[in-house]
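Scroll down for the structure; my scribbles are underneath it.
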Amino acid sequence: MPSPADLSWAIEAGGFPVIGGSAKALRIARGLSIRQLAQKAGIDKNTVLRLERGYPVSAKVLGKVCIALETALSSLTSRAQAPELVRVFRGDEANWVTVIQRAEARGHLPNATSVPESAERERYGRMGFTCGFLMTHACTIANGKLLAAIYEIHHPWNDAIRHAGEEFVYCLQGDVQVTVDGERHLLHEGDSMSFDSSLLHNFERVSTPPTPAPRVLSVWIEGGPESGESRI
């Protein structure tokens, strides 16, 4: 557990914005939502938001976050001392994880379960265990606001989602229906759209197996007073 002395340099140098950016990038790389990290660390969701936005937190809180992210404090502080201005994500670093577990899973395939093989993901999708899979891109620079991910969609999201900011969606494969604020938009391969992501939105697969599950690239720019994901 880090001691207050470990954080004195950060307080003096204003390093918390970079520590927060490093923690946020690592959370995304681990395939965790803000809510999931908060639960894993045993802290409030708003505390995670505060940390990721660059506000100071206690040494005790930072220690819990480090344990939940399976990293050492030195890893976050070293980034703060020498912040990255460029980050490259390699294809072999891809980590496909489940998103939005369906009731049919009955606890067999919880959220954030890593499923690297495409055939296995398709099988879980046919079984109705998950709405889809997410490949996170850990390309967010320290304290950055741009988040990118690829969604592989097998079933409609159980609940519409919303998060403050602006989102760009590009259809990489197949056909996908994107519903924003109750209005449906059908995207074919190569189509794209952008929208205010504070509006309720949902993704839905149009085709059925054996047609491969559609994939979309989602790029989200944070903004507004509430940057945490919420489901209604």
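Values quoted throughout were computed directly from the atomic coordinates according to the rules given, and no laboratory measurement underlies them. All figures in this text were calculated on a predicted structure; none of them were measured in a lab. All Cβ positions, glycine included, derive from the backbone under ideal geometry; neighbour counts span all protein chains shown.
Some values worked out for this structure:
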quantity: Likely footprinting exposure, Leu51, Leu217, fewest C-beta neighbours within 10 Å first; calculated: Leu217, Leu51
quantity: Per-pair calculated FRET efficiency, R0 = 25 Å: Arg35 and Lys60 via Cβ, rounded to 0.05; calculated: 0.80
quantity: Order by protection proxy (mean Cβ within 10 Å, highest first), peptides 42-49, 181-188; calculated: 42-49, 181-188
